[in-house]
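The structure under discussion appears below in the form of structure tokens.
Read-outs: derived from the displayed coordinates by stated rules, not from any lab. The model shown is predicted, which means the values in this text are computed figures rather than measured ones. Note that we place each Cβ from the backbone using ideal geometry, even for glycine, and neighbour counts take in every protein chain shown.
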Amino acid sequence: MDTNERTVQLKTSVASSGNNKEIVHIGFKPMGDTIPTAEDYGTQGEENKQKLNAFLKYMKSVDEQFFKWLEADAQNAILFTNNPVKALKTAIPGFDETILNNLSKDMLR
């Protein structure tokens, strides 16, 4: 599958200094054919690598279903931008939220 052709784009604005609004463009692409690894993100420590790799493998398993949901309606892209966990739970019935509990901010460098 050529994922280079599939992109969901969202045009929105964000507040900047002095209550000015800046126009931004956000693009979402599916994961593609290759599952990234913890090493791709510079993750250190075997336990952290295992947790991140399990997360990435799970996300790859739901990627196509999620991306079809994302493409279906602009409101879905807005929800994902504002609340990714809620979007995943909405798009993927039975989304295994416990996979997120194993992640920590310090895993990525």
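Would you mind listing the helices (runs of 4 or more DSSP H) fully within the stretch 48-109 where at least 1 residues are polar (S, T, N, Q) and surrounded by fewer than 12 Cβ atoms within 10 Å (Cβ to Cβ)?
Numbers: elements: 74-82, 84-91, 98-101.
In the stretch 48-109, the matching helices (runs of 4 or more DSSP H) lie at 74-82, 98-101.
Being surrounded by 11 or more Cβ atoms within 10 Å (Cβ to Cβ) and assigned to a helix (DSSP H, G or I) is the filter; apply it to the stretch 12-46 and report the residue that is farthest from the chain's Cα centre (by Cα).
Step by step, filter the stretch 12-46, then rank; the result is 39.
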